[in-house]
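Report on the following structure.
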Amino acid sequence: MIHLRDVTYFYPRATVPALAGLSLDVPAGQFCAVIGANGAGKSTLCYTLAGFVPHFYRGKLTGQVEVAGVDVPAASLAAIAGQVGLVFANPFNQITGARFTVREEIAFGLENLGVPLDEMRARIDDILSFAKLTELAERSPFALSGGQQQRLAIASVLVMRPPLVVLDEPTSQLDPIGSKEVFAVLRDLAATDEATVVLAEQKLEWVAVFADRVIVLHEGRIVADGPPGDVLASGDLTQYGLQPTRYTQAARAALAAGLRRDSAELPVTLEEAVEYFK
Amino acid sequence: MTVNYGLYVPKQSGIHSLHPLTKLAYLGFCLAVSWVIPGTWTPYLVFLLGIVPLSALGQVLPNILSGAFKAVLPFAISLFVVQGFFWPEGTVLQQIGPFSLKEEGLFFAIRGAGRILMAVSTFLLLSYTTRPDELTLALGQLGVPNSIAYVILSTLQIIPRFQTKATTILDAQRSRGLETEGSLRVRARALLPLVLPLLLSSIVDIEERAIALEVRAFGRQGPKTSLLVLHDTPWQRLLRWLLLLAALGVIVWRIYAALAPRFLS
Amino acid sequence: MDRLKSDFSTVGIVLMGVGIVINIAMGRIVTTLSLPLYLDSIGTIFVGAVAGPWVGALAGIISNLIAAFFGNPANFLPYIPVAAIIGFMAGLFSRYGWFKLWWKFILAGVITGVVAALISAPITAYVNSGVVGTGMDALTAAFRGMGMSTLQANFLQGLSTDPLDKSISYLLVYSIIQALPNRYLDRFPRAEYVR
Ligand SMILES: Nc1ncnc2c1ncn2[C@@H]1O[C@H](COP(=O)(O)OP(=O)(O)O)[C@@H](O)[C@H]1O
Ligand SMILES: [Mg+2]
C-alpha cells in the first residue's frame, strides 16, 4: 500500500531536511502508528503520503513515493484525493463551512467525487452510525464539541473510502473526553481490516492498544520499527524525546527497586501490566 | 444550537418551495418595473402589488415590513433633508427658518426612497424564503463555479463565529485596561492590538483549510453531484423565461421612450 | 491563463473567503469602537496584494453581496463595482512592487481612495438618489446648499472620507504583511510580490 524509498525532503528555505533518507513499506490492511517527539517529522511524513509534500508545500523532494498504486510526486492533488484520506489535529479547520448540517458536511467529499445520490445517502448513513454521529446528523457542524467535530472530520474522510487513511495527531487539540471518543472510533477502524491506517500520535498508551506496528521517527529518520510490545517497551524511547507508557514506567521502577527480577517483557498496556504485576 | 441559515426564515410555504431562480426572475422583474417606469409613486405601487402579497403568502410579511422599514428609514430621512430642503430651485412648500422645503425635491426624495425600498425588499424577500445553499445550488445550474458557492456559504457561516471571537478579545483587552472608549485617538490606538492577532490567526488558518478542502476532492474537475435536490417544474421554467423577457421589454421600452424624442424630432 | 489558474487555486479560494470575513468583521468592529472610518476593504486589499487583481476584484464583489446579508443591503449592493475596483487596484499595486515600502502603501491608499470616491459618486447620485443614509449626508446637504449638483456634492463627500479611510486600510495591510512569517506568506499565489 505504501512504498517509500530513500525519501528526503526539504521545506522551502529549510537547510535541514524534514525527512532524511526515509524508507518504509506498509502492506494493505495494516494499522501503523508513527511516534516521535515534536519536530521529528511525523506531520511531514503524513503530508508526503497525502501528496501535500511536495504539491502544496513545494520544496525539494527526492526518492520514491508510491501510495495505493499512485506515484505521488507525479500525480496531481486532485488525483490523490480519493486515494488517501487525511485527518489532522485542528477539528475546526477541517469543517468546510460550506454545508449547514453534519450530514451535508459528510456529503461534501462524495459530491466532489460525483457519487450518485442513492449511493451517497447509503454511504452517509453507514458512516454516521460508524462514527456514532447519527443523532447529530441534522445539527450544525459548528454546534458540535471538539471530539464530535473530529469524529465528523474522520467520518467525512472515511465516507470517501480511501484505500489509505492518514491521521496526524487527531486528538492533540481535544480534551480527555473528546480524545476518548475519537480513540473509540479509531479502535473500531483498526478492528475492520479494510482500511490501511497510518496514525501519527504521541499518546503511546492508545497506540499500544490497537496498532499492529509502531515506527519511531527521530530527526526525519526511522530509528525503530516493530510490534508495539517491543518498540514501546524499549529503553531507547526516552533518548528520542518520548515518554514510555505509565505501565512500562511502573514496571521499570519496580524492577529498579528490586521488587521484580524478570526484565524480559515489560508491559505497555493496562492488560499487560495487570498480568505483569500478578 | 440548531442550524443557522442566516436571514432565512424556515416556514412551509409555496414561496419557500419555489425554485430559487423563479424567485430571482420574479424579483428582478419587479425591481426593473419599479426603477424604470416613471412616476413618484410607482415603486410603492409595485411594492404593494408585487412584494406584499408574496411576502404574505410566504408568511414573512412582518419580517419584510420591519426589515425594510429599518433599512429604508435612514435613507428616507437623509433624502428628505438633502433633496427636500437643499433642492436648488423650485416651488417652495414650507419655509423653516433659512431653509425651504421644495415640491420638486420632495417628490424626488419620495421616489428615491421608494426605489431603495424596492431594492431592499426584493433582496430581503429572496433571503427570507430561500436557504443560501439552495440559492448557490441554483446559481450553479446557471454555470456559476462551485468555488464561488464555497466562498459564499463558508463566509456566511464563519462571520458570526469570527465576530464572537472578536468580542471575546475586545472584552479581554478591556479588562487588561485597554481603552475602547474615550477620545477618538484613544479608540483608534485601541484598534491595532485588538484586531491584528485575530487577522493573523485567520490568515494562518488558510493553509490548513485549503488542505482540508483538497482532501475532500474540492479541486477535482469533472461532474459533481449534490445531496441537496432542488424542486423544479416545466411551468416554473416557462414562467422564468416570460419574466426575464418582460423585464427586458420594460427596460428596452424605457430606453426607447427616452431616446426616441431626441432622434425623431 | 496558467497564472489565472494558480491565482484561483484552492488556497486562493480559501484566501478570498477569509478576506471577506475580515472585511465584514472589521467593518463591524469599527462600528463598535464608533470610529469615523469604514475599514471594510482591508481583506479585499490583502487578497489583491497576495493573489492578484482578479481574485482581489472577486473578493470585493462577493464581500459586498455578503455584507448586504449582514447589514443594510442599500449600503452595499449598489457599490459592488467600487469594491471590485479596490481589489483589482490592490492587485496592480502589488504587481508593480508597491507593497514593499510603507510610504508606497499610504500613497496607494490615497490613490485608491480618490478612485473609490470617483466611482461611488455616480452610484450614490443615480442609484441611491444622492444619499448614503448616515451622518455623512449632512456634508452632502451642505454642498447642495452651496448650489452644487448632487453628483458633485457626492463626489466631494466621498473625497472627504475615502482617501483617509483607504490609506489607513493600506497601512493595516502593511502591518499584516510585516507580521506574517514568510512560511505562511509563501502559500499565497502571488507571494513573491510582497515579500
Ligand atoms: N511549513 C513548513 N515550513 C518549513 N519547515 C517546516 C514546515 N513544517 C514543519 N517544518 C519543520 O520540519 C521539521 C519536521 O516537522 P513536523 O513534520 O511538523 O514534525 P512533527 O509533526 O513530528 O512535530 C521541523 O523541524 C519543523 O520545524
Ligand atoms: Mg505534527
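Values quoted throughout were computed directly from the atomic coordinates according to the rules given, and no laboratory measurement underlies them. Quantities reported herein were computed from a predicted structural model and do not represent experimental measurements. For neighbour counting, all protein chains shown are included, and Cβ atoms are generated from backbone atoms with ideal geometry for every residue, glycine included.
Structure above, values below:
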item	result
Computed label-point distance, nm, for sites A:Ala14 and A:Glu271 using a 7 Å Cα→Cβ extension	3.8 nm
MRE, 222 nm, helices only [DSSP H, n ≥ 4, -39500 (n - 2.57), over chain A, to nearest 500]	-11000 deg cm²/dmol
Estimated FRET transfer efficiency (A:Arg221, A:Ser145; beta-carbon r; R0 45 Å; 0.05)	0.75
Amide H partners (placed H, <5 Å) of B:Trp87, local residues excluded	B:Lys102
Cα-based reach from B:Lys23 at 14 Å (exclusive), listing aspartates and glutamates while leaving out same-chain residues under 8 positions away	B:Glu134, B:Asp232
Cα→Cβ-extended label distance, 7 Å offset, between B:Asp171 and A:Ala250, nm	4.2 nm
Under the Karplus curve 6.51 cos²θ - 1.76 cosθ + 1.60, θ = phi - 60°, whole-Hz ³J(HN,Hα) for segment B:79-93, x wherever Gly or Pro sits	4, 4, 6, 5, 8, x, 9, 10, 5, x, 9, x, 6, 7, 8
Placed amide H near A:Val34: partners under 5 Å, 5+ positions off or other chain	A:Leu199, A:Ala200, A:Glu201, A:Ile215
Neighbour-limited loop hits for trypsin sites (Lys or Arg not before Pro), segment A:181-264 (at most 13 other Cβ within 10 Å; DSSP other than H, G, I, E, B)	A:Arg261
Most fluctuating residue given options C:Thr150, C:Thr112, C:Thr44, as computed from a GNM of chain C linking Cα atoms under 10 Å	C:Thr150
Electrostatic dipole magnitude of chain B [Cβ: Lys, Arg +1; Asp, Glu -1; Cα centre; debye, to 20]	120 debye
Dipole in debye (nearest 20) - segment B:191-265, about Cα centre, beta carbon charges: Lys, Arg +1; Asp, Glu -1	520 debye
Relative contact order (percent, whole number), chain C, Cα cutoff 8 Å, 6+ residue spacing	25 percent
For A:Leu86, residues with placed amide H under 5 Å, excluding near neighbours	A:Val166
Cα-projected label distance for B:Ser17 with A:Glu138, points at 7 Å along beta-carbon direction, nm	1.7 nm
Segment C:46-121: relative contact order in percent, alpha carbon pairs under 8 Å with at least 6 residues between	36 percent
Using a Förster distance of 41 Å, the FRET efficiency for B:Arg185-A:Asn38 (Cβ separation, nearest 0.05)	0.40
Residues of type lysines that A:Lys60 reaches as a straight line, Cα spacing below 21 Å, ignoring anything fewer than 8 places off in the same chain	A:Lys42
From phi via Karplus (6.51, -1.76, 1.60), per-residue ³J(HN,Hα) for segment A:228-237 in Hz, x at Gly/Pro	x, x, 6, 5, 6, 8, 5, x, 6, 3
Proximal aspartates and glutamates relative to B:Lys165, as straight alpha-carbon distance under 17 Å, when same-chain residues fewer than 8 apart are discounted	B:Asp205
GNM flexibility winner over chain B from B:Leu27, B:Leu18, B:Leu126 (Cα, springs under 10 Å)	B:Leu18
Degrees between helix A:176-191 axis and first principal axis of chain A (Cα, 0 to 90, nearest 10)	80 degrees
Choice from A:Pro12, A:Pro91, A:Pro227 showing the highest fluctuation, given a GNM over chain A with Cα pairs closer than 10 Å	A:Pro12
Chain lengthening between A:Ala191 and A:Lys60 when straightened (0.36 nm per residue, less Cα-Cα)	43.4 nm
Hz values of 3J(HN,Hα) by residue in segment C:166-174 - Karplus curve (6.51, -1.76, 1.60), Gly and Pro given as x	6, 6, 5, 4, 5, 5, 5, 4, 4
DSSP bridge pairs, chain A: antiparallel proportion in percent, nearest 5	55 percent
Fraction of beta bridges assigned by DSSP in the protein assembly as shown that are antiparallel (%, nearest 5)	60 percent
Rounded FRET efficiency, nearest 0.05, which uses the C-beta distance separating C:Ser6 from A:Ser23 and R0 of 25 Å	0.15
Signed unit charges on C-beta, dipole axis of the protein assembly as shown, positive-most listed residue A:Tyr57, B:Thr167, A:Val185	B:Thr167
